[in-house]
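The values are calculated or read from the model by the stated rules, or taken from the named source; none is laboratory data. For clarity, every value in this text was computed on a predicted model and none was experimentally measured. Virtual Cβ from ideal backbone geometry, glycine too; neighbours counted across all protein chains shown. These area figures cover heavy atoms from the full protein model, side chains too; ligands, DNA and RNA do not enter into them. Shrake-Rupley method; radii C 1.70, N 1.55, O 1.52, S 1.80 Å.
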Amino acid sequence: MVSDLVLTSEITCPHCGHIRQETMPTNACQFFYECQGCHELLKPLPGDCCVFCSYGTVKCPPIQLGECCQGRCS
């Protein structure tokens, strides 16, 4: 249900452990994310469509809605 859609997620860097709350885009997956702690460029893990699905506390909006996202379906 769209009203249950969560648009913020905390991304945790796997390199330095820095945590930052970010707003997720609703019209596209975010494939790259630069950590604000160590400046490492994060990319999704194999099988994930975006950095929020790999490193966030909340999956991206398309996955939350049960839709396909970059070839991945929930």
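Quick look at the numbers
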{"item": "Total residues in the stretch 14-37, condition in a loop (DSSP other than H, G, I, E, B), surrounded by fewer than 13 Cβ atoms within 10 Å (Cβ to Cβ) and polar (S, T, N, Q)", "result": "2"}
{"item": "Near pairs, Cβ below 7 angstrom, 6+ apart or cross-chain, from the stretch 35-64 (of a type in the set (Asp, Glu)) to any residue that is at pLDDT below 95 and open to solvent by 20 Å² or more (accessible area, probe 1.4 Å)", "result": "Asp48/Arg72"}
{"item": "Selection from the stretch 58-69 of residues that are open to solvent by 30 Å² or more (accessible area, probe 1.4 Å) and within 8 Å of the chain's Cα centre (by Cα)", "result": "Val58, Lys59"}
{"item": "Restricting the stretch 38-55 to residues that are out of contact with any helix residue (DSSP H, G or I) (no Cβ under 9 Å at 6 or more places or on another chain) and within 9 Å of Pro14 (Cβ to Cβ), the residue that is most open to solvent (accessible area, probe 1.4 Å)", "result": "Glu40"}
